[in-house]
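Engineer: Okay, handing you the structure first.
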2 protein chains.
Amino acid sequence: MTSEDCVAVCGGTHGNEMSGIYLAKHWLRDPMELQRSSFAVTPFLGNPRAIEKCVRYVGQDLNRTFTTEFLSSTEVEDEPYEVVLAREINQTYGPKGSAQAFDFMFDLHNTTASMGTYLIVDSEESLLPMHIPCPIYLYKLPGEETYSINSVAKAGLGREQLGPQPQQVVRADLFSQMRDIIACALDFIELFNKGTVFPAFEIEAYKITGRMDYPCYPDGEISAMVHPKLQDKDFLPLNPRDPIFQTFSGEEILYEGNTTIYPAFINEAAYYKKKVAFVKMEKHTFSIPGLQRD
Amino acid sequence: MTSEDCVAVCGGTHGNEMSGIYLAKHWLRDPMELQRSSFAVTPFLGNPRAIEKCVRYVGQDLNRTFTTEFLSSTEVEDEPYEVVLAREINQTYGPKGSAQAFDFMFDLHNTTASMGTYLIVDSEESLLPMHIPCPIYLYKLPGEETYSINSVAKAGLGREQLGPQPQQVVRADLFSQMRDIIACALDFIELFNKGTVFPAFEIEAYKITGRMDYPCYPDGEISAMVHPKLQDKDFLPLNPRDPIFQTFSGEEILYEGNTTIYPAFINEAAYYKKKVAFVKMEKHTFSIPGLQRD
């Protein structure tokens, strides 16, 4: 990092996740609390049209649009708004994978799941975010291309995920938590820039292994809800034969896996469309090497 | 009531309030649990197009469209979908105010506010719902015309309101509560029909007196959130000089009223559009006369 380093902080990549939207709007009015001596911070709104309508997205999910396919596409008539937007964001804060790209990008999200505060990182190889003092989960499936807005910067740093909060609502308690974590992460970069040595350490983190779909009727409608014993139990162990669903008629459906997993994004509103009830996580211990500025 | 009495139960008047939607869909597949010996029950989906899109409404709020103005309007090109729908629902379950109208209609709603389970009734003069063993609040402002879907039936009976639940999400615990209350209300009508005498009693209930708007910047954007000390405190006393808002810069805003009120719908997602932070309620004791079938 140098004093020309640039950090971007994005709210409203999903236009109905209000903590990041109201934080980014606040920082655009009054950027003072983002200032640090060793780098510049730029707040911005990810998806202005979706924010205006208070929906997740207008044409397609912006946070799945930062792939080579979309970023290298040429303009065509009637393409989704988010494809145009992704190319624009890539020009401003990237281009992805280039030397001109912003150094870091934080992206602020909410979930309706009871997940508390987590930093979503692609993999344990992203050394710098692994050192930030915040619970971590690793979200990239093996072989998957990066697709999220923060992949435009040199170090994605991560999505910050906070819940439970309903879509279209801002809760003051979660707003303060999100503000505190961003302050902490910016302080961390400041310390790093000023030469602080961060020693090697071991960390427990959750790593995605797959997704669990809702059961459905033959016509494709979901036929069951998240079981009351699983609801709000994000990151707690789920053992073989534990109940995971309750059908609308009242029957229990049990977990058929052979090993203990740690579900996350349990009953996330935005995942109903894809019929995903939760994501399956494993808990691992990672040895993270020490970190010091070159 | 006679054995030809008809009761309608509606889910999905707002297309993103999922408890009632999944309950109505379940009853449409399997209506058995709605059956009673002394009357017929018809489940239906209020706003199918909004349910399909998982939004509150498509053109305008269906649950504000059952006024004389809309119901007596003649078809015109490009009118909102919900105006057409309201006339159709009025034909099927009404007409409002006529002898052919359904006897009762329950309408099932969720809120993102921590309101628990409440039956919303127009006023204390609606004798039958006042006898149903469920907490009650009275929602009609003085002089206001009835505008909600259940006003089509002879006795609106009330909206059932359940929360907190995010929009677009179904929680198994709230689903069961809603199912239980409808079962209880149908049992109550059955007992009434069979001649049970319900004695006079006194009841405490909440009555709306007005609405509290969010503070705004000069450009119209909201400038504050519900204060953390007020969040989730629906129906608890709010006293003069208690904090009600926290600005995005961190200042407290206090309640300037002169008397204790009981806020409800605190931080309801759907009310942001109208910039309403909560509704103001007063607590009253009502003397409800006894009830027996003629």
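The values are calculated or read from the model by the stated rules, or taken from the named source; none is laboratory data. What you are looking at is a predicted structure, and each value in this text was computed from that prediction instead of being measured. Reconstructed Cβ throughout: ideal geometry from the backbone, glycine too, with neighbour counts over all protein chains shown. Side chains included, ligands, DNA and RNA excluded: accessible areas come from the protein's heavy atoms. Shrake-Rupley method; radii C 1.70, N 1.55, O 1.52, S 1.80 Å.
Engineer: I'm checking my understanding of the structure. Among residues of region A:248-273 that are within 8 Å of another protein chain (Cβ to nearest Cβ) and over 24 Å from the mean Cα position of the chain (by Cα), which one is modelled with the highest pLDDT?
Structural biologist: A:248
Engineer: For region A:1-27, give me the residue count where each residue is open to solvent by 50 Å² or more (accessible area, probe 1.4 Å) and either polar (S, T, N, Q) or under 16 Å from residue A:178 (Cα atoms) (or both).
Structural biologist: The number of residues fulfilling the criteria is 2.
Engineer: Still on this model: Out of the residues in region B:229-247 that are closer than 13 Å to residue B:114 by Cβ and open to solvent by 10 Å² or more (accessible area, probe 1.4 Å), which is nearest to the other protein chains (Cβ to nearest Cβ)?
Structural biologist: B:231
Engineer: Scan region B:266-294 for residues that are within 20 Å of residue B:210 (Cβ to Cβ) and either among the hydroxyl-bearing types (Ser, Thr, Tyr) or buried (at least 23 other Cβ atoms within 10 Å of the Cβ) (or both) and jot them down.
Structural biologist: B:266, B:267, B:268, B:271, B:272, B:277, B:278, B:279, B:281
Engineer: Let me spell it out: the conditions are (1) open to solvent by 60 Å² or more (accessible area, probe 1.4 Å); (2) in a loop (DSSP other than H, G, I, E, B); (3) at negative phi, and residue A:257 meets all of them except one. Which number is the exception?
Structural biologist: Of the numbered conditions (1) open to solvent by 60 Å² or more (accessible area, probe 1.4 Å); (2) in a loop (DSSP other than H, G, I, E, B); (3) at negative phi, the odd one out for residue A:257 is (1).
Engineer: Separate question: For residue B:123, indicate whether it is of a type in the set (S, T, N, Q), in contact with a Lys or Arg (Cβ under 6 Å, 6 or more places away or on another chain) and closer than 23 Å to residue B:203 by Cα.
Structural biologist: yes
Engineer: Which of the residues spanning region B:237-248 are assigned to a loop (DSSP other than H, G, I, E, B) and under 17 Å from residue A:171 (Cβ atoms)?
Structural biologist: Listed by number, the list holds a single entry, B:248.
Engineer: If you go through region A:75-90 one residue at a time, do you hit one that is over 30 Å from residue B:50 (Cβ atoms), in contact (Cβ under 8 Å) with a residue 24 or more places away in the chain and open to solvent by 40 Å² or more (accessible area, probe 1.4 Å)?
Structural biologist: no
Engineer: Within 14 Å of chain B (Cβ to nearest Cβ) and of a type in the set (Lys, Arg): is that true of residue A:53 in this structure?
Structural biologist: yes
Engineer: With respect to the numbered conditions (1) among the aliphatic types (A, V, I, L, M); (2) away from chain B (no Cβ under 14 Å); (3) without any contact (Cβ under 8 Å) to a residue 60 or more places away in the chain, which one is the sole condition not fulfilled by residue A:181?
Structural biologist: Single failed check for residue A:181: (3).
Engineer: How many of the residues making up region B:28-42 are at the interface with another protein chain (Cβ under 9 Å from one of its Cβ atoms) and either closer than 13 Å to residue B:11 by Cβ or open to solvent by less than 20 Å² (accessible area, probe 1.4 Å) (or both)?
Structural biologist: Final tally of qualifying residues: 1.
Engineer: Let me ask something additional. Any residue in region A:227-253 that's among the acidic types (Asp, Glu): show its pairings with residues that are at pLDDT 95 or above and surrounded by fewer than 18 Cβ atoms within 10 Å (Cβ to Cβ) at Cβ separation under 6 Å, as long as the two are six or more apart or on different chains.
Structural biologist: Short answer, once both residue conditions are applied: A:232/A:114; A:234/A:114; A:252/A:243.
Engineer: Give me a count of the residues in region B:6-61 that are within 16 Å of residue B:160 (Cβ to Cβ) and touching a His at 6+ places or on another chain (Cβ under 6 Å).
Structural biologist: 1
Engineer: Looking at region B:139-153 only, could you name the residues that are more than 23 Å from residue B:41 (Cβ to Cβ) and either in contact with a Phe, Trp or Tyr (Cβ under 7 Å, 6 or more places away or on another chain) or free of Cβ contacts under 8 Å to residues at least 40 places away in the same chain (or both)?
Structural biologist: If the condition is that a residue be more than 23 Å from residue B:41 (Cβ to Cβ) and either in contact with a Phe, Trp or Tyr (Cβ under 7 Å, 6 or more places away or on another chain) or free of Cβ contacts under 8 Å to residues at least 40 places away in the same chain (or both), then B:142, B:143, B:144, B:147 are the ones that fit.
Engineer: Among the residues of region A:107-129, what is the count of those that are aliphatic (A, V, I, L, M), over 23 Å from residue A:233 (Cβ atoms) and at pLDDT 90 or above?
Structural biologist: Selection size over region A:107-129: 1.
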